[in-house]
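Everything on this sheet refers to the single structure shown next.
The values are calculated or read from the model by the stated rules, or taken from the named source; none is laboratory data. Note that the structure is predicted; figures quoted are calculated from it, not measured. Cβ coordinates were reconstructed from backbone atoms using ideal geometry, including for glycine residues, and neighbour counts include every protein chain displayed.
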Amino acid sequence: MKTIKKYWALIVGGLLALFAIFVAFFKKHEKKQVSKIDQKIDMNNSNINQLQGKTDVIEDQRSQVKQELDDLVDQIEQTKEVKETIQPETPKTVADAKENILNKTKKRGRKKKA
């Protein structure tokens with residue numbers, strides 16, 4: 001076997017060519033996969049940024065609502081205190097009650113009965 005026969009050289013050359021084509025195809029395929037994955041990562045990052053902005057807005061709204069609730073609680077406590085201090089005036093006689101009713105009906109435009 002001093003010399004390699006031509007057909008063996010062609011077979012080995014063909015196998016090497018197939019291997020080279022196979023390697024080139026998979027490198028191209030891997031590049032496509034990497035670019036698709038990069039696009040998905042970029043889309044996920046943009047979605048995360050949008051959601052982060054939304055959560056910031058929600059946190060601002062939550063703090064505003066808490067502040068409004070605190071203000072309402074303070075107002076309720078103040079009105080309770082004022083309510084406790086108010087003492088309604090009760091008419092002492094029937095004549096005072098009649099006069100009070102007549103005074104209120106005059107404002108509405110009703111006529112006084114004789």
Q: Taking G109 as meeting all but one of (1) over 24 Å from the mean Cα position of the chain (by Cα); (2) modelled with pLDDT of 80 or more, write down the number of the exception.
A: (2)
Q: Considering every residue within segment 47-62, establish whether at least one is at pLDDT below 90, of a type in the set (G, A, S), part of a helix (DSSP H, G or I) and surrounded by 10 or more Cβ atoms within 10 Å (Cβ to Cβ).
A: yes
